[in-house]
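Notes follow the structure.
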Amino acid sequence: MSIAALTAFSGVFALGAIFAIFGSVKLKLQEKLGIDDAKASQLISAMMFSCLVFSIVIGAVTPALGFKVVGLLGFGAGAVCVVLLAMAPSYGAAMLAFLALGFAAMCVNTVGNTLGPMVLFPDNPEKANNLLNVFFGLGSLLTPLIIGNLMGKVGYKATLGIIAALLGIPVLWTVMGTDFPAIEGGFNFGRAAGFLMHPAVLAASAALFCYISLEATLGGFLTTYLTNHKVDGTKANNLLAGFWACLMFARLFTVAVPPEFFPHYVQVLALVAAVSIMMMATAKTAGPAIVAMLVTGFAIGPIFPTIVGVTFGKTGISSEVFGLIFGIGLLGGIFTPRIMGGFSAGGNIRKGMQVLAGLAVLLVVMSAILSYAIPNLPPAQ
């Protein structure tokens, strides 16, 4: 395996770990800082806002800096930010740590989701993105497992120190890489503005708004949802890991799905997610709630990479396209957790789940428009 490919896999692993941190430490962080769900939700929204800003910045500077430098910045910054979160003495300090994590996340996201398809399967971006994002699921799975099972034994700070080390380790091989491809032509704001009105970009942006709303909000509030069903904190973190495991295995399974089925895939999965999330909203006891949660993880798992791959099939692989659809999609990660935090703080997390079910239905519609109403590029001769 080339260093560039290894760095791409490491990038999506680190992205998964970063996105899982909030949900994994939420209960302990609330206890430590003395904050309610509404205020806690502002931390994940702040990180997503930072992701939105830096998705534009990193997209613009990557052609000049190169994938290698961007990867080194992301892995290094991620490790430092988690240490800062571990040491944060106040809500303001925790907020700064999450804002800085947004920068790290967008660096590793770029070396994962933009570099990855270029060095793995450039002729099959759907397959490349699903294979890469198995490692997103692995990072998301290990983070709550490590935090949930070690925090009571070695303490909060030492446990986050282990997460920081995992994020920093890829520096060791990234720094040795010499096979990183260049982005031909570089990031062009004029070209990005032209893509903004492309029907595939509009449809994919709306679809990713719905998807990122689901992933960010579920990942951040599942431990709270489970404790409301009388599940203790350690078990809640282990079940959160189970949610991410279902997401990871669904992406691994998708690698074997024939490419001709991809246009139908997201609609089926999003419809299953809508039903299972509504089951979460109505579950009265822990058993049905847990089953519905795990089904939801499996259903939403392949949606993000498949949407990205389907979009690239209609626009070509482009950092501008990815930056646009991901950046607009991140708006869902900014606003929807705040809505859930308000419902949860008021003791009505079920209402928040109903909002998520509605977004899953909208995802069915937007992904259908993307798949069926917009033609693919003609095959390269």
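Of all the listed residues (ASN149, ASN130), the sole one being of a type in the set (S, T, N, Q), over 19 Å from the mean Cα position of the chain (by Cα) and more than 17 Å from VAL321 (Cβ to Cβ) is ASN149.
Only one of the numbered conditions (1) on the phi > 0 side of the Ramachandran plot; (2) touching a Lys or Arg at 6+ places or on another chain (Cβ under 9 Å) is not met by THR254, and that is (1). Do we find a residue being over 20 Å from the mean Cα position of the chain (by Cα) and among the hydrophobic types (A, V, I, L, M, F, W, C) anywhere in the stretch 155-163? So far as the stretch 155-163 goes, yes, one or more of its residues are over 20 Å from the mean Cα position of the chain (by Cα) and among the hydrophobic types (A, V, I, L, M, F, W, C).
Taking (1) in contact with a Cys (Cβ under 8 Å, 6 or more places away or on another chain); (2) within 19 Å of TRP244 (Cα to Cα); (3) not aromatic (Phe, Trp, Tyr) in turn, GLY332 satisfies each apart from (2). Per the listing ALA64, ALA60, ALA100, ALA93, the residue uniquely part of a helix (DSSP H, G or I) and either in contact with a helix residue (DSSP H, G or I) (Cβ under 7 Å, 6 or more places away or on another chain) or polar (S, T, N, Q) (or both) is ALA100.
In the set (1) in a helix (DSSP H, G or I); (2) in contact with a helix residue (DSSP H, G or I) (Cβ under 6 Å, 6 or more places away or on another chain); (3) farther than 19 Å from ILE56 by Cα, the condition left unmet by THR311 is number (3).
Restricting attention to the stretch 324-332, does a residue exist that is surrounded by fewer than 19 Cβ atoms within 10 Å (Cβ to Cβ) and either in contact with a strand residue (DSSP E or B) (Cβ under 8 Å, 6 or more places away or on another chain) or over 28 Å from VAL231 (Cα atoms) (or both)? Checked against the condition, which is being surrounded by fewer than 19 Cβ atoms within 10 Å (Cβ to Cβ) and either in contact with a strand residue (DSSP E or B) (Cβ under 8 Å, 6 or more places away or on another chain) or over 28 Å from VAL231 (Cα atoms) (or both), the stretch 324-332 yields at least one hit. In the stretch 338-354, the condition of being of a type in the set (D, E, K, R) and surrounded by 24 or more Cβ atoms within 10 Å (Cβ to Cβ) is met by no residue.
When the stretch 230-253 is filtered for residues that are more than 19 Å from LEU218 (Cβ to Cβ), of a type outside the set (D, E, K, R) and in contact with a helix residue (DSSP H, G or I) (Cβ under 8 Å, 6 or more places away or on another chain), the ones remaining, listed by number, are THR234, LEU252. Restricting attention to the stretch 23-44, the residues being assigned to a helix (DSSP H, G or I) and surrounded by fewer than 24 Cβ atoms within 10 Å (Cβ to Cβ) number 11. Each residue in the stretch 260-271 was checked for being surrounded by fewer than 17 Cβ atoms within 10 Å (Cβ to Cβ) and either modelled with pLDDT of 95 or more or under 23 Å from the mean Cα position of the chain (by Cα) (or both), and 3 pass.
Do we have any residue at all in the stretch 290-305 that's touching a Cys at 6+ places or on another chain (Cβ under 6 Å) and surrounded by fewer than 21 Cβ atoms within 10 Å (Cβ to Cβ)? If you could, list the steps in order and put the result at the bottom.
At the first step, the residues of the stretch 290-305 found to be touching a Cys at 6+ places or on another chain (Cβ under 6 Å) are 294, 297-298.
Remaining after also requiring surrounded by fewer than 21 Cβ atoms within 10 Å (Cβ to Cβ): 294.
Taking every residue of the stretch 290-305 in turn, at least one turns out to be touching a Cys at 6+ places or on another chain (Cβ under 6 Å) and surrounded by fewer than 21 Cβ atoms within 10 Å (Cβ to Cβ).
Restricting attention to the stretch 33-90, the residues being on the phi > 0 side of the Ramachandran plot and aliphatic (A, V, I, L, M) number 0. If you go through the stretch 43-55 one residue at a time, do you hit one that is touching a Cys at 6+ places or on another chain (Cβ under 9 Å) and of a type outside the set (Asp, Glu)? Yes, the stretch 43-55 contains at least one residue that is touching a Cys at 6+ places or on another chain (Cβ under 9 Å) and of a type outside the set (Asp, Glu). Residues in the stretch 319-345 that are touching a residue at least 40 places away in the same chain (Cβ under 8 Å) and out of contact with any Ser or Thr (no Cβ under 9 Å at 6 or more places or on another chain): GLU320 only. State yes or no: is MET248 surrounded by 15 or more Cβ atoms within 10 Å (Cβ to Cβ), part of a helix (DSSP H, G or I) and touching a Leu at 6+ places or on another chain (Cβ under 7 Å)? Here the answer is yes, as MET248 does meet what is asked. Residues in the stretch 279-289 that are part of a helix (DSSP H, G or I) and surrounded by fewer than 15 Cβ atoms within 10 Å (Cβ to Cβ): THR282, GLY287, PRO288.
The values are calculated or read from the model by the stated rules, or taken from the named source; none is laboratory data. Model, not experiment: these values are computed from the prediction. Virtual Cβ from ideal backbone geometry, glycine too; neighbours counted across all protein chains shown.
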